[in-house]
Amino acid sequence: MPDYERVVGRVIDALGAARIGLVGLSLGGYFAARAAALEPRVAAVATVSGPFRLDWEELPPPVRDIMAQRAGGTDAAHEFARHVDLTALAPRIAAPLLVVDGDQDVIPGVTNGESLARLAPHGTYLSVPDGGHLLGNARPDWLPHLSDHITHTLTGTPA
């Protein structure tokens, strides 16, 4: 399992920043939430179409094939998918969290982000009607909200 939070920590160090905001899209949403749970300098976080949990056996073959290709083989992809579960980490996310999902973004074996928002202490869930994966078809319905979330959280200004 990649230690994405360590990479985020090194970037924060390189920037000389005291705190940052993260936005993660698709699988990057999982990594952004993971980093927010494990790197205390993440002060604001948002996920878009990110998985809360993966169930390898339920994933459609094309998704498993893509994961196997990117992970270097089926066994590595299966092992990776086994670890994609934010149940234990979600309560550790201290930063305000916005989780955005599209109502039409349904993939067997992928648990969308509603559970993440519910388990995180400062989580908010935004479900976009008719939104597909990454919600490119509905940007006006969620992108301003995400931008405001990150901006207001990091600047301390009211929404």
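Pairing each residue of the range 30-43 that is under 9 Å from residue 9 (Cβ atoms) with any residue that is open to solvent by less than 20 Å² (accessible area, probe 1.4 Å) and not in a helix (DSSP H, G or I), provided the two are 6+ apart or on different chains, yields C-beta distances under 8 Å for 35/42; 35/45.
Apart from one condition, residue 144 fits all of (1) open to solvent by 40 Å² or more (accessible area, probe 1.4 Å); (2) more than 14 Å from residue 51 (Cα to Cα); (3) not in a helix (DSSP H, G or I); the exception is (3).
Scanning the range 6-29 for residues that are in contact with a helix residue (DSSP H, G or I) (Cβ under 8 Å, 6 or more places away or on another chain), of a type in the set (Val, Ile, Thr) and farther than 25 Å from residue 110 by Cβ yields one hit, 20. Do we find a residue being of a type in the set (Phe, Trp, Tyr), touching a helix residue (DSSP H, G or I) at 6+ places or on another chain (Cβ under 6 Å) and farther than 22 Å from residue 101 by Cα anywhere in the range 68-80? Yes, some residue in the range 68-80 is of a type in the set (Phe, Trp, Tyr), touching a helix residue (DSSP H, G or I) at 6+ places or on another chain (Cβ under 6 Å) and farther than 22 Å from residue 101 by Cα. Candidates 33, 76: the one that is part of a helix (DSSP H, G or I), touching a Gly at 6+ places or on another chain (Cβ under 7 Å) and hydrophobic (A, V, I, L, M, F, W, C) is 33. Taking the options 2, 51, name whichever one is part of a loop (DSSP other than H, G, I, E, B) and modelled with pLDDT under 95. After applying the criteria, what remains is 2. Inside the range 103-136, residues that are open to solvent by 80 Å² or more (accessible area, probe 1.4 Å), among the acidic types (Asp, Glu) and under 21 Å from residue 58 (Cβ atoms) make up a count of 1.
The sole residue among 92, 139, 53 that is open to solvent by 80 Å² or more (accessible area, probe 1.4 Å), in contact with a strand residue (DSSP E or B) (Cβ under 9 Å, 6 or more places away or on another chain) and of a type outside the set (S, T, N, Q) is 53.
The values are calculated or read from the model by the stated rules, or taken from the named source; none is laboratory data. Owing to the predicted nature of the structure, the values given are computational and were not obtained by experimental measurement. Because the Cβ atoms are built from the backbone with ideal geometry, glycine has one as well, and the counts that use them run over all protein chains shown. Keep in mind that these areas ignore ligands, DNA and RNA; they rest on the heavy atoms of the full protein, side chains included. Shrake-Rupley method; radii C 1.70, N 1.55, O 1.52, S 1.80 Å.
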